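Inspection log for the structure reproduced underneath, given as structure tokens.
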Amino acid sequence: MVRSLAWHGLGFNARAALRFGATGMNALVPQLAKVGEAEIAYIDLPAEDGPGGGDPILLIHGFASTHGVNWVNPNWATTLTRAGYRVVAFDNRGHGRSQKFYEPSDYDTSTMAEDARALLDHLGIWQADVMGYSMGSRITAFLTLEHPERVRSCLLGGLGIHLVEGVGLPPGIADAMEVPSLDDLTEPTQRMFRAFAETNRQDLKALAACIRGTRQTLSRDDVGAIRVPTLVSVGTNDPIAGSAAELAALIPGAKVLDIPGRDHNLAVGDRTHKAGVLAFLAERP
């Protein structure tokens, strides 16, 4: 089942849409597909002529974001399609226009990775480069370990050694989604994520369940079993992600991209980040 969705309120930047032209604007209108047990909103943008040769790349956003906020507004979609890559980006379950669930058990990281795999199946894509940011990188790592044949390369943005040291964002973020108002919060990280969620018009109850459900861990041995080309990209002012170099040291052949002077939020669309990703994609087998 596939049907079009109105794109109003999804956080799209109108100027970004215009850069794609009339045809591209139609491509930016999300589709809704039933993949497994969840209805997932996604976009599938055709590649332009470029060194990517039409290779597909799957983009997985972070907590409380959407595919539009994480990948369209910061011009990742434009950058990658112009470089010759077919771009597939989607709203994780519980986020944006995808289906909402309200039990933590519905947000096991492996389950969210299966949504990504099922979307590739739905689109007839056997193998893709997969790029995540923050929580999206955790999902990317699980997808890579559980379905290595589907992942051509693994790009982990906004997540370093905290992939193995810790279980994602602090559980207090879930509490922050449940207080009556942003004014009731004083802790900076809680306030940041609550404000971000409200700005993106998210379902706060679903986000609280998501944080409580995505607490699965990966060991150092687990990440050491990743055998696809891997890039770890983290802002040098990002305490949320942890060290990129420490994580990369655990993954055979992994490369590190330091994003100078950027924190967890600003590193997403940074020019150094984009240039480093394009260079990595051009060089990977």
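With respect to G124, determine if the residue is small (G, A, S) and either in a loop (DSSP other than H, G, I, E, B) or surrounded by fewer than 20 Cβ atoms within 10 Å (Cβ to Cβ) (or both).
yes
Which count do you get for residues in region 23-72 that are small (G, A, S) and part of a helix (DSSP H, G or I)?
Qualifying residue count for the region: 3.
Could you please let me know if G36 is under 25 Å from D108 (Cβ atoms) and either modelled with pLDDT under 95 or under 21 Å from the mean Cα position of the chain (by Cα) (or both)?
Yes.
Scan (1) farther than 19 Å from G132 by Cβ; (2) part of a helix (DSSP H, G or I) for the single condition G261 breaks and write down its number.
Failing condition for G261: (2).
Can you find a residue that is buried (at least 16 other Cβ atoms within 10 Å of the Cβ) and farther than 22 Å from F90 by Cα anywhere in region 147-160?
For region 147-160, residues buried (at least 16 other Cβ atoms within 10 Å of the Cβ) and farther than 22 Å from F90 by Cα: present.
Being free of Cβ contacts under 8 Å to residues at least 40 places away in the same chain and either within 20 Å of V69 (Cβ to Cβ) or not in a loop (DSSP other than H, G, I, E, B) (or both) narrows it down to one residue among R191, R212; which is it?
Step by step, each of R191, R212 is checked, and only R191 is free of Cβ contacts under 8 Å to residues at least 40 places away in the same chain and either within 20 Å of V69 (Cβ to Cβ) or not in a loop (DSSP other than H, G, I, E, B) (or both).
Scanning region 30-81 for residues that are in contact with an Asp or Glu (Cβ under 8 Å, 6 or more places away or on another chain) and of a type in the set (G, A, S), which turns out surrounded by the most Cβ atoms within 10 Å (Cβ to Cβ)?
Out of the qualifying residues, it is A41.
I'd like to check something: does region 100-114 contain any residue that is more than 16 Å from the chain's Cα centre (by Cα), surrounded by fewer than 22 Cβ atoms within 10 Å (Cβ to Cβ), modelled with pLDDT under 95 and among the hydroxyl-bearing types (S, T, Y)?
No - not one qualifying residue is present in region 100-114.
Looking at E165, E146 in this structure, which one is farther than 18 Å from A38 by Cβ and charged (D, E, K, R)?
Result of the check over E165, E146: E165.
The values are calculated or read from the model by the stated rules, or taken from the named source; none is laboratory data. Only a predicted model underlies this, so the values are computations on that prediction, with no experimental measurement involved. A quick note on method: Cβ atoms are made from the backbone with ideal geometry, for glycine too, and the neighbour counts reach across all protein chains shown.
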